[in-house]
Each structure stands twice: as C-alpha cells, then as structure tokens.
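Data block below; observations after.
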Amino acid sequence: MDEKKYWVGFNLIKGIGAVRMQGLVAYFGDLESAWGADPIQLAESGLGAKVIERVIAARKNADLDQIWEKIESQGIKILTWQDEAYPTRLKEIDQPPPVMYIRGEYLPDDLFAVAIVGTRQATPYGRQVTEELAAFLASNGITVVSGLARGVDAIAHHAALNAGGRTIAVMGTGVDKIYPPEHQKLAEKIIERGALVSDYAPGTPPDASNFPPRNRIISGLSLAIVVVEAGETSGALITAEFAAEQGREIFAVPGSILAPQSKGTNKLIQNGALPLLSVNDLMQALDFNRVGEHKTARKILPADETEARLLTVLGSEPKHVDEIRDQADLPIEKVSATLALMELKGMVRQLGGMNYVAAREAQGDYKI
C-alpha cells in the first residue's frame with residue numbers, strides 16, 4: 001500500500017499542519033513510522049498532549065486502507081512535499097500544504113499561471129474585464145487560477161475554457177464536494193482541461209472557515225494575482241494579502257469611486273498594487289510575451305544525470321549509438337531508452353541508421 005496513505009491519515013487530524021508534519025518527518029524519517037509510534041515518541045517529536053490524543057483516536061477509528069481505496073476509486077491524485085510533481089511555486093511559500101488532492105492534471109506548464117479573483121456580485125464591467133483578461137491569458141498559454149466561487153471566479157474559469165486554455169480551481173472543500181453545487185458542470189469541464197485542487201481531505205464539506213486559508217494556495221500557485229472587483233471586506237482581498245506575503249505581483253482593476261464593488265480594488269491601488277489598465281500591463285511586467293520560449297527552454301533542459309551525460313557527448317555532428325554508448329560509458333539499453341525519450345522531447349534528432357545529433361536548442365555545457 002502506498003505510503004501516502006499515512007500522509008492522508010495525519011492530514012485528517014485537527015492540529016497537524018505543515019509545521020507539525022515537517023517535525024514528524026524530521027523525527028521519524030517517514031510518516032509510516034510516525035503513525036505507529038507510541039505516545040512518548042510522539043511527544044519527543046514535538047506533539048502536544050491534545051494532538052497526541054487525536055492521533056491515537058485517529059489510529060483507532062480510521063481505516064487508512066479503506067480511505068485510500070476510496071480516494072483511488074474517485075480518481076483523486078495525491079501530491080506531497082516529497083513528490084517531484086508537487087507544484088514548484090507552491091513549495092516556495094511559507095508553510096506549503098503537506099498534502100494536495102487533485103482531480104484532473106496539474107502539469108509542468110501550469111507554472112506559468114495568473115490568479116484572477118474578485119467579488120461574487122460582479123458588475124457588467126467586472127464581467128467584461130474578467131472575460132477578456134482570462135481569455136487572453138488562456139489563449140497565450142497561461143493557466144488561469146481561481147476559486148470556483150460565484151461571480152468573478154466562475155467567469156474567469158469559463159472564459160479560460162472557452163478560449164481553449166487551462167484553468168485550475170482551488171477549493172475550500174474536498175475535491176469531491178463541489179461548492180457551490182450549481183458549478184458541478186463547470187467543475188467537470190475544469191477536470192478535463194485543468195484541475196480541481198485542495199489541501200482539504202475528500203469528503204470535507206463547505207465551511208466558512210475553510211475558504212480564507214485556501215486563498216494562500218490560489219496566490220501560491222500563481223506568478224501574479226489580478227483582483228477585478230472587490231468590496232471592502234471581500235475574500236479576494238485576503239488573497240491579495242497572501243500574495244503580498246509571498247512576494248507575488250498584485251494587480252487591481254480600477255473602478256468607479258462610487259461603486260461598492262470597486263472600493264476594495266481602488267484601496268489596493270492606493271496601497272501599492274499595480275493598476276491594470278490593459279492586459280499588456282500584466283504581460284510586460286511578468287515577461288509573459290516570452291512564455292513560449294520559457295516553456296521550450298524547460299523542455300530541453302536535461303531531466304536527470306543520464307540525459308545530461310548524453311548531451312555532453314552529442315553535438316551537431318552525427319554519432320552512432322555505439323559511439324555514444326562508449327563515450328558516455330553507459331549500458332546500451334539505458335542509452336537507447338534515454339535517446340528515444342529525448343527524441344520525443346525534441347532534445348535530440350535521429351538522422352537514420354541509429355545516428356543522433358543534439359537539437360540546436362539543447363546544445364550546451366551541462367554539469368553531471
């Protein structure tokens with residue numbers, strides 16, 4: 001059984017967040033050992049008496065095998081800190097969520113993402129701005145992140161999908177509990193061309209206290225956030241606060257000083273947020289005009305030591321696979337398999353007769 005079931009087990013226990021999870025891993029080496037530890041060991045790892053009581057109760061009442069089977073049957077994927085696929089940008093924030101639940105696919109290209117958030121009571125002006133911005137970003141290969149809420153969030157998700165792009169919804173419930181319920185069809189479309197993500201365990205119902213904390217994930221997954229419309233107490237302003245703490249760029253759409261929906265955004269601008277007067281402001285500030293180049297560069301970088309070693313051997317002059325094997329000092333099976341994968345990535349080209357050259361973009365010096 002996957003060791004991730006123990007991450008899920010601890011994730012279910014109230015009072016065990018990023019800091020305590022980190023302490024358990026540091027003390028025990030892995031969470032399977034922590035799950036089976038006695039109270040004295042748990043105390044030595046840094047857990048207090050109340051939390052230890054909850055751990056003991058959870059071990060008694062929770063059938064981790066059954067929970068894991070249910071998660072798998074629902075098609076839910078789990079990413080932990082230890083997974084290479086865990087969102088890089090999210091890992092950079094203070095106390096990143098130890099466990100992320102995903103329906104759909106989180107892809108490496110989702111690193112290029114912008115969050116669009118705002119009021120649930122969007123005006124026609126807010127709707128138009130949201131639709132145009134989300135559609136432009138999505139059609140230019142930038143993932144749109146939002147929170148699946150009514151209003152600006154839903155408009156942003158719909159516009160990104162209609163433009164043929166990707167979108168990610170960060171939820172304040174379990175990924176199997178769609179809220180609001182009228183967004184069920186929207187959620188299904190997002191799963192097809194993006195992802196529903198949450199750090200709350202499957203089955204977690206909507207609760208008012210769940211939504212503010214999830215906003216740190218919305219900003220954490222993004223290079224920047226755009227607040228389209230927000231009242232003075234809007235949840236979108238909480239996302240902006242997290243974005244500021246995380247060092248993300250914050251843009252706000254200016255609006256009428258008489259409109260309640262623009263009081264929050266105008267205040268953000270007054271306090272230093274960048275006014276979004278056109279989509280070009282965002283594209284230029286974040287160098288998004290070069291997204292294609294950035295994505296290509298990421299694809300041609302060697303993924304491991306074997307790819308790096310082969311790139312040091314290959315150049316613009318064709319070399320036979322046997323010569324490559326000799327110079328790289330690697331088994332022929334490993335060389336052949338890796339070259340096939342590198343060809344799919346566009347890192348090398350086969351010229352026939354098992355002769356290879358490095359693709360022009362992939363040539364260079366790589367440390368191994």
Based on this model, can you work out whether residue 133 counts as modelled with pLDDT of 95 or more and within 17 Å of residue 239 (Cα to Cα)? no
Okay, strands (runs of 3 or more DSSP E) sitting entirely in the range 36-123 with 3 or more residues that are more than 20 Å from residue 202 (Cβ to Cβ), I get 113-117
Checking the structure you have, find out if any residue of the range 92-114 is of a type outside the set (S, T, N, Q), without any contact (Cβ under 8 Å) to a residue 40 or more places away in the chain, out of contact with any Lys or Arg (no Cβ under 7 Å at 6 or more places or on another chain) and at negative phi. no
Residue list for the range 24-60, filter: within 15 Å of residue 80 (Cβ to Cβ) and of a type in the set (Gly, Ala, Ser): 26, 29, 34
Among what's in the range 106-126 and is surrounded by fewer than 24 Cβ atoms within 10 Å (Cβ to Cβ) and more than 29 Å from residue 21 (Cβ to Cβ), pick the residue that is nearest to the chain's Cα centre (by Cα). 120
Considering only the range 97-105, I want to know if a residue exists there that is exposed (fewer than 13 other Cβ atoms within 10 Å of the Cβ) and within 30 Å of residue 178 (Cβ to Cβ). no
Number of the exception - residue 182 against (1) free of Cβ contacts under 8 Å to residues at least 40 places away in the same chain; (2) touching a strand residue (DSSP E or B) at 6+ places or on another chain (Cβ under 6 Å); (3) more than 20 Å from residue 77 (Cα to Cα): (2)
Among all residue pairs at least 6 apart or on different chains, which show Cβ distances below 8 Å where the first residue, located in the range 339-368, is not assigned by TED's automatic domain parsing to the domain that holds residue 314 and β-branched (Val, Ile, Thr) and the second is at pLDDT 70 or above and surrounded by 14 or more Cβ atoms within 10 Å (Cβ to Cβ)? 368/308; 368/309; 368/312
Has the range 75-94 got at least one residue that is touching a helix residue (DSSP H, G or I) at 6+ places or on another chain (Cβ under 9 Å), of a type in the set (A, V, I, L, M) and under 11 Å from residue 5 (Cβ atoms)? yes
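For every residue, the table says whether it meets (1) at pLDDT 80 or above; (2) exposed (fewer than 14 other Cβ atoms within 10 Å of the Cβ).
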{"site": "297", "(1), (2)": "no, yes"}
{"site": "308", "(1), (2)": "yes, no"}
{"site": "312", "(1), (2)": "yes, no"}
{"site": "329", "(1), (2)": "yes, yes"}
{"site": "343", "(1), (2)": "no, no"}
{"site": "358", "(1), (2)": "yes, no"}
{"site": "363", "(1), (2)": "no, no"}
{"site": "368", "(1), (2)": "no, yes"}
Considering the range 27-53 alone, what residues qualify as being surrounded by fewer than 20 Cβ atoms within 10 Å (Cβ to Cβ) and within 24 Å of the chain's Cα centre (by Cα)? 30
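Considering only residues that are in a loop (DSSP other than H, G, I, E, B) and touching a residue at least 60 places away in the same chain (Cβ under 8 Å), look in the range 1-26 and name the one that is surrounded by the most Cβ atoms within 10 Å (Cβ to Cβ). Working first, answer last.
So the first thing to find is which residues in the range 1-26 are in a loop (DSSP other than H, G, I, E, B), and the list is 1-3, 12-17.
Subset that is touching a residue at least 60 places away in the same chain (Cβ under 8 Å): 1-2, 12, 17.
Values: 1: 10, 2: 12, 12: 19, 17: 16.
That would be 12.
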All-but-one check, residue 164 against (1) in a loop (DSSP other than H, G, I, E, B); (2) under 12 Å from the mean Cα position of the chain (by Cα); (3) surrounded by fewer than 18 Cβ atoms within 10 Å (Cβ to Cβ), failing number (2)
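The values are calculated or read from the model by the stated rules, or taken from the named source; none is laboratory data. Remember, it's a predicted structure, so these values are computed and weren't measured experimentally. Glycine also receives a Cβ, built like all others from the backbone with ideal geometry; neighbour counts cover every protein chain displayed.
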